[in-house]
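The structure appears below as structure tokens.
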Amino acid sequence: MKCMKIVTTYSDNCLAKRCPSIHITDDGRVLVQGKRLSSEEKIILDIREHEEVVSFEPAVLRQLLNKFNT
């Protein structure tokens, strides 16, 4: 089994890497780190059993988009 490597992390001024972030892996996948939604919020979205949804500040996404728009 190949070990996943994080090649880039986009975060809103987070140095400890324990806050909402978007991570890009060496195989091109995008991982999102954030606060889990509550059970009530997940019911509203009709999320499948094997899936998870997180929320994060818009600044994290803006940082990622700015990187690709330059």
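Structure values in brief
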item: Answer label, with percent of Cα pairs over 19 Å apart calculated from the coordinates and candidates (1) 21; (2) 32; (3) 44; result: (3)
item: Degrees separating the helix 58-68 axis from the principal Cα axis of the chain, which is the longest one; result: 40 degrees
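Read the figures in this text as sums done on the coordinates, not as results from a lab. Fair warning: this is a prediction, and the values are worked out from it, not measured in the lab.
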